[in-house]
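Take a look at the structure set out below.
No lab work stands behind these numbers, since they all come straight from the coordinates. Just so it is clear, the model here is predicted, and its values are computed rather than measured. In this analysis, Cβ positions are derived from the backbone assuming ideal geometry, glycine residues included, and neighbour counts consider all displayed protein chains.
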């Protein structure tokens, strides 16, 4: 009986590690690493007022729903996420216009999506705080 309980407990405790990022760790990663990039590089054009490409980057649901090209992010799958394709300048849509983001920033956003694209603090359009 004790052995069965230990096996069950071990199985339950390992599910979050397999299923994806723990929400609190994911939220901290978002707040500390991802949010500054989105705020600085994306929200100037992709917000609820402008919605360039018919997409706002102010919340996770908007990115999941996407814009005129479909979902911007596919949690767990950065290769299928239009955001990463556009940031790498791999397709006909290249964001941001002009030079691409530094590889380090693209890497952070790629890692965030790979981890499940957990959202943290609500973002605000620059200059509205």
Taking region 21-114 on its own, what percent of its Cα-Cα pair distances exceed 15 Å?
59 percent
Please order 89, 46 by the number of other Cβ within 10 Å, starting at the fewest.
89, 46
Label-point separation in nm, residue 40 to residue 59, each point 7 Å along Cα→Cβ
2.6 nm
